[in-house]
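Below is one structure, written out as structure tokens; the observations come after it.
The values are calculated or read from the model by the stated rules, or taken from the named source; none is laboratory data. Since the model is a prediction, treat every value here as computed from it, not as a measurement. Positions of Cβ are generated from backbone atoms using ideal geometry, with glycine treated the same way; all protein chains shown enter the neighbour counts.
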Amino acid sequence: MKLVVQIPCFNEEKTLPQTIADIPRKIAGIDQVEILVVDDGSSDATSRVAEELGVEHIIRHPGNRGLAASFQTAIDAALRLGADIIVNTDGDNQYCGADIPKLIQPILEAKAEVVVGDREVMKVSHFGPGKKLLSRIGSFVVSTVSGVEIPDAVSGFRAFTRQAALELNIVSSFSYTIEMLLQCGRKNLLVTSVPVGVNGKLRSSRLFRSIPQFIFYSVSTLLRIYSMIRPLRFFLFLGGIFSLIGLSAIIRFLFFYLTGDGGGHIQSLVIGGSVLMIGVMTFLIGLLADLIAFNRQLIEGVLLRSKNIDMEMEKLHKKVDQLVVAQKDISSESK
Ligand SMILES: Nc1nc2c(ncn2[C@@H]2O[C@H](COP(=O)(O)OP(=O)(O)O)[C@@H](O)[C@H]2O)c(=O)[nH]1
Ligand SMILES: [Mg+2]
């Protein structure tokens, strides 16, 4: 059983040493623990520090592509490395590396395919009341929308099986946390949560400069990804609201018309008719989006197969290379 701990990093030269030092190298039930750092175009010495710390695998993005892209790069690489279980953690040492065995336990016991580390935000002393409240509301909304019960939806400390990693395709450009949970819900992956420790604050989040920015990005991700994976529900709901408003204005007109005062309420009819049309158009957009979503499912199926084929090919290439070397050895010995 091979575990790959992946760390997407953007300018983490100061905190990476502690993060790496805290990752246990021997874990019960795991034969091999390897660390993978994705340096997201850092302008500091992140890659060199990682090298000096003996990190087994380092991938460097030529420029800064953002956390979601770094996360996907890391997953693809971890799969190529033959990981059976993948753990994602942050390079700012926010999460207690010592809790990795706890995090992967439900996977080892075959009780989960994805495990999210719950920071138990209400207990963290350096989180302010605003952040605590926001985290609660946000996690409640994400749990309700995704259908996956998770107390800490934006935690980046996560473990997942090889199969779950193969099935997830992150397309968000900002962060992967919310999208991943929505996809897990859509794909019926078995998700659970375990309490994990949080280290003292080393630095502020660089991903979000302020709470309004965090809310804006989270809500827009939620809406975009939800409309992508559940288009019919999303647009039926939206269209339903427009249709109801339109219909009530039309009914208002009809009421006055039938009671003999129709002439004065023609505006209700015009506005009602227009809004109802918007409602109907939204339904139709929903149907189109649903067709596109079917295509996405087919494409994801093809992607899954091609990822598997890719990896099998890579294994074959390695075997052929080994055979060629062995052949050369034999022929030079026999000379
Ligand atoms: N801020 C930022 N973090 C990135 C980026 N690419 C990868 N990361 C990593 O994403 C993780 C989370 O970032 P952080 O600023 O700590 O955000 P937080 O999760 O809100 O605390 C860290 O390990 C970063 O090094 C990027 O483009 N910007
Ligand atoms: Mg952080």
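Residue check: is PHE160 closer than 27 Å to LYS307 by Cβ and aromatic (Phe, Trp, Tyr)? So PHE160 fits the description; yes. Could you check, for segment 148-158, whether at least one of its residues is touching a strand residue (DSSP E or B) at 6+ places or on another chain (Cβ under 6 Å), more than 29 Å from ARG230 (Cα to Cα) and more than 16 Å from ligand 1 (Cβ to nearest atom)? No, segment 148-158 has no match at all. Cβ-Cβ distances below 7 Å connect the following pairs, each with a first residue in segment 142-155 that is closer than 23 Å to GLN94 by Cβ, a second residue that is surrounded by fewer than 16 Cβ atoms within 10 Å (Cβ to Cβ) and of a type outside the set (A, V, I, L, M, F, W, C), and a separation of six or more residues or different chains: SER143/GLU149. For first residues located in segment 203-221 and in the same structural domain as ASN11 (by TED's automatic domain parsing), partners that are within 11 Å of ligand 1 (Cβ to nearest atom) and assigned to a helix (DSSP H, G or I) and lie 6+ apart or on another chain with Cβ distances below 6 Å form the pairs PHE208/PHE214.
Of all residues in segment 66-98, those satisfying the criterion of being of a type in the set (D, E, K, R) and within 16 Å of ligand 2 (Cβ to nearest atom) are ASP90, ASP92.
For the condition more than 24 Å from the chain's Cα centre (by Cα) and assigned by TED's automatic domain parsing to the domain that holds LEU247, what is the one hit in SER306, SER268?
It is SER268.
The set of residues in segment 192-225 being within 18 Å of the chain's Cα centre (by Cα) and more than 16 Å from ligand 2 (Cβ to nearest atom) consists of THR192, SER193, VAL194, ILE215, PHE216, VAL219, SER220, THR221, LEU222, LEU223, ARG224, ILE225. Scanning segment 66-88 for residues that are within 12 Å of ligand 1 (Cβ to nearest atom) and touching a helix residue (DSSP H, G or I) at 6+ places or on another chain (Cβ under 8 Å) returns ALA68, ASN88. For segment 193-223, the candidate set comprises residues that are surrounded by 15 or more Cβ atoms within 10 Å (Cβ to Cβ) and assigned to a helix (DSSP H, G or I); within that set, the residue that is farthest from ligand 1 (Cβ to nearest atom) is LEU222.
State all residues of segment 102-134 that are of a type in the set (S, T, N, Q) and without any contact (Cβ under 8 Å) to a residue 40 or more places away in the chain; if no residue qualifies, say none.
Across segment 102-134, the qualifying residue is only SER125.
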